[in-house]
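Coordinate-derived values only; no laboratory data. Being a predicted model, the structure only gives us computed values, none of them experimental. Heads up, the Cβs are rebuilt from the backbone with ideal geometry, glycines too, and the neighbour counts pull from every protein chain shown.
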Amino acid sequence: PAGLWTVFTLGGVGSKASPQLEQCSPLANQSLLLLLVLANLTDAPDTPNPYRQAIIFFLYFFISDNTAFSSSNPHAFQINFNSLYTALCEQQKSDQATLLLYMLLHQNSNVRTYVLARTDIENLV
């Protein structure tokens, strides 16, 4: 989950128009592209795509909450939505970040609810 968190926070991924940002963190750029490809692979007849399942089911992480995380879904994990939202707002010139946002809004109801509840949604748009 820590590596996936790095991909979700985009680790400095920049747009194609900004090569200095891409050179600054090529691993984050390639990781985000890999995540998008893996999450969009088709499901096997007997097992769902685990990458897509992880994107669909991740939950909000409360920093002040010290309780242990438990879920019946083996692909579920928690992240801080505020950090994710901030990273996505900063990287909207990047095609990869826009595709990730699109996928999150359409497939993860927790992210969709969080974004719609924000009062500063104009930063994202």
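Which ³J(HN,Hα) values in Hz, rounded to whole numbers, follow from the phi angles of the range 98-113 under the Karplus curve 6.51 cos²θ - 1.76 cosθ + 1.60, where θ = phi - 60° and Gly and Pro get x?
Per residue, the Karplus-derived 3J(HN,Hα) values read 5, 5, 5, 4, 4, 5, 5, 5, 8, 10, 10, 5, 5, 5, 4, 4 Hz.
Label points 7 Å out from Cα along the Cβ direction at LEU99 and VAL37: separation in nm?
According to this spin-label approximation, the distance is 1.0 nm.
What order, most packed first, do the peptides 94-101, 47-54, 118-125 have when packing is the mean number of other Cβ atoms within 10 Å of each residue?
94-101, 47-54, 118-125
Name the residues whose placed amide hydrogens come within less than 5 Å of the amide hydrogen of LEU59, ignoring near sequence neighbours (fewer than 5 apart) on the same chain.
When sequence neighbours closer than 5 places are left aside, the close amide H contacts are PHE77, GLN78, ILE79.
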